[in-house]
There are 2 protein chains.
Amino acid sequence: MDEDFGPLIFRRLWCGRKLKPEDVEALSHLHWVPQSIAAKSTFNPGTNLCILASGLAVRQRAEGPGVRQMTAVVLPGDTCSYEFVTGSAPTTVLRALTDCKAMQASLEDVVSLVEQRPAILQALLSHLAVDHAVTEELVTSISTRSALERTAHFLCELEFRLRRMGLANNGQFSLSMTQAEIGVYLGLSAVHVNRTLQELRKRGALSTRGNRLTLDLEQMRSIAGFVPDYLTEATADAPRRFDA
Amino acid sequence: MDEDFGPLIFRRLWCGRKLKPEDVEALSHLHWVPQSIAAKSTFNPGTNLCILASGLAVRQRAEGPGVRQMTAVVLPGDTCSYEFVTGSAPTTVLRALTDCKAMQASLEDVVSLVEQRPAILQALLSHLAVDHAVTEELVTSISTRSALERTAHFLCELEFRLRRMGLANNGQFSLSMTQAEIGVYLGLSAVHVNRTLQELRKRGALSTRGNRLTLDLEQMRSIAGFVPDYLTEATADAPRRFDA
DNA sequence: CGCCAGTTTGATATAGGTCAAGTGACGTGG
DNA sequence: CCACGTCACTTGACCTATATCAAACTGGCG
């Protein structure tokens, strides 16, 4: 499995259509340092480029203990932090929800690679834009959608992002978040998340077995009003694809 | 006033402490194209670097008409869009709430300037990080704070950002947003914004005369639980300042 | 076996939404 | 200069989505 990390973690970068095979090849020759992160622990890649290889992590406020707001869910293939771009110390911290693996490359290595292959920088930067768009979508979700819509939207987004990484099929994927954690992310109480999920099940949009979720994509998307534009990397020359 | 634009609009970049006087000097010699934007109209700087010089704008979802969610308030000195960094077509659009002036510089000009003066790029990128942090703060505000706290927090943030630009003094500044617009931004109904502002006035944390607001900063911050860390550009070598 | 974390259920409370009507300021055209 | 329309703000009455509290249930694990 370890040798698969190379190709796998670049899939997210790759699927933006900005990279040529040679770019991916070059990326995979970087000096990547694997890192294991224990469930529930926090980590901070600093100015390294850090890509999540497996597991599930969230970004949350750095403040003291207690229930903190989560501002993003980090999935395999996602860039954990953009401090390597912005140089600013983040006000948020990463927390692994499950045991995670991440791959890190030092800022210097990335810089020299990027100087040779600017497409890689472009791909990373457009990830940054997508990540920002996801946060903005969360704002609209929390402030305008009902609990049912919000939860459905969350599941649609996860499915979309996981499928892009080959981690979801036919609306099926596994999700290691407790209902309480989902609640923190969506600004709902754990109890209400529970009832909302029940409602989605009752309507046949969702079925669960343990971690394993199956969505009725059609129905779920119509409940959520899900339009995945914001998750894709449109540019002037390569307009957003609406086929997803 | 026009000739002040040069120095003035760079104040935001300048106050991050990343730029030397020569950098600001160099910035001001860029070929800036001024632009006037009529109130209520939308605009899109594309890949130009676009800095708001005066007025008030918001970032909002690009979708059809009707009440759309706002995801950010853009103040003078702020960078309107980071498309020039990310290259991605944004899913959001800028809308002027009042008549605005903005200064634009073309991507090519910026690139060549930045090659000579990397500190400028760093300053721009750390703005990007701050803007993202502001959005994240909005998420936590909407999902965890009460209407009163949220509104107070919003006002504290505005005061902080305006003061940094020399546009607020002693908690006084003017704000050309209707209560309905504030409501859209904060995820509250216009009616509730109204009652919330009344409550703030009743407590003596706020007084208003037309557009002109005066905050009792001490009280307002304590209501809001306002900690401005997220608005400043901390780095490893220049840690966040807590004096604000 | 018993504990613990997670989920489920029921009962109750409340923050904030919605609707409707009224006020006040300001601008425009007659 | 006044009548009118518009837009923002205000107020009151009512309603509902969601929070909160409390307790029971479940399943895995030491």
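Limited to region B:208-227, what total is found for residues that are within 16 Å of DNA strand C (Cβ to nearest atom), not in a strand (DSSP E or B) and not aliphatic (A, V, I, L, M)? Residues flagged as within 16 Å of DNA strand C (Cβ to nearest atom), not in a strand (DSSP E or B) and not aliphatic (A, V, I, L, M) within region B:208-227 amount to 3. Report whether or not B:Ser88 is more than 19 Å from B:Leu167 (Cα to Cα), assigned to a loop (DSSP other than H, G, I, E, B) and without any contact (Cβ under 8 Å) to a residue 60 or more places away in the chain. Considered against the rule, which asks whether it is more than 19 Å from B:Leu167 (Cα to Cα), assigned to a loop (DSSP other than H, G, I, E, B) and without any contact (Cβ under 8 Å) to a residue 60 or more places away in the chain, B:Ser88 comes out as yes.
Take A:Leu155 and decide whether it is part of a helix (DSSP H, G or I) and either open to solvent by 20 Å² or more (accessible area, probe 1.4 Å) or within 12 Å of chain B (Cβ to nearest Cβ) (or both). Full working, then the answer.
On the way: part of a helix (DSSP H, G or I): yes; either open to solvent by 20 Å² or more (accessible area, probe 1.4 Å) or within 12 Å of chain B (Cβ to nearest Cβ) (or both): no.
Taking the combined requirement at face value, the residue does not satisfy it.
In region B:163-207, what count of residues is obtained for those that are more than 12 Å from DNA strand C (Cβ to nearest atom), touching a residue at least 40 places away in the same chain (Cβ under 8 Å) and either assigned to a loop (DSSP other than H, G, I, E, B) or in the same structural domain as B:Asp78 (by TED's automatic domain parsing) (or both)? Spell out how you get there, then give the answer.
Of the residues in region B:163-207, the ones more than 12 Å from DNA strand C (Cβ to nearest atom) are B:163-177, B:181, B:197-198, B:200-207.
So of that shortlist, the ones also touching a residue at least 40 places away in the same chain (Cβ under 8 Å) come out as B:164-167, B:170-173, B:175-177, B:181, B:197, B:200, B:205-206.
When the remaining residues are screened for being either assigned to a loop (DSSP other than H, G, I, E, B) or in the same structural domain as B:Asp78 (by TED's automatic domain parsing) (or both), the result is B:165-167, B:170-171, B:175-177, B:205.
Total satisfying the criteria: 9.
For region A:220-230, the set of residues classified as facing another protein chain (nearest Cβ under 9 Å) and either open to solvent by 30 Å² or more (accessible area, probe 1.4 Å) or at pLDDT 95 or above (or both) consists of A:Val227, A:Asp229, listed by residue number.
Conditions tested, residue by residue: (1) β-branched (Val, Ile, Thr); (2) touching a Phe, Trp or Tyr at 6+ places or on another chain (Cβ under 9 Å); (3) modelled with pLDDT under 95.
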{"site": "A:Val134", "(1), (2), (3)": "yes, yes, no"}
{"site": "A:Ala147", "(1), (2), (3)": "no, no, no"}
{"site": "A:His153", "(1), (2), (3)": "no, yes, no"}
{"site": "A:Met165", "(1), (2), (3)": "no, no, yes"}
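Taking residues in region A:26-46 that are assigned by TED's automatic domain parsing to the domain that holds A:Val111, and partners anywhere that are of a type in the set (Lys, Arg) and outside any strand (DSSP E or B), the pairs with Cβ atoms closer than 8 Å and at least 6 places apart or on different chains are A:Ala26/A:Arg117.
One residue is enough: does region B:124-147 have a residue meeting the conditions assigned to a helix (DSSP H, G or I), in contact (Cβ under 8 Å) with a residue 40 or more places away in the chain and away from every other protein chain (no Cβ under 14 Å)?
Here is the first cut: in region B:124-147, the ones assigned to a helix (DSSP H, G or I) are B:124-144, B:147.
Next, only the ones that are in contact (Cβ under 8 Å) with a residue 40 or more places away in the chain stay: B:124-131, B:133-138, B:141-142, B:147.
Still in the running and away from every other protein chain (no Cβ under 14 Å): none.
The answer is no, given that none of the residues of region B:124-147 is assigned to a helix (DSSP H, G or I), in contact (Cβ under 8 Å) with a residue 40 or more places away in the chain and away from every other protein chain (no Cβ under 14 Å).
The values are calculated or read from the model by the stated rules, or taken from the named source; none is laboratory data. It should be emphasised that the depicted structure is a prediction, and the values quoted were computed from it without experimental measurement. When we count neighbours, we look across all protein chains shown, and the Cβ atoms used for this are built from the backbone with ideal geometry, even at glycine. The accessibility values were calculated without ligands, DNA or RNA, using every heavy atom of the protein model including side chains. Shrake-Rupley method; radii C 1.70, N 1.55, O 1.52, S 1.80 Å.
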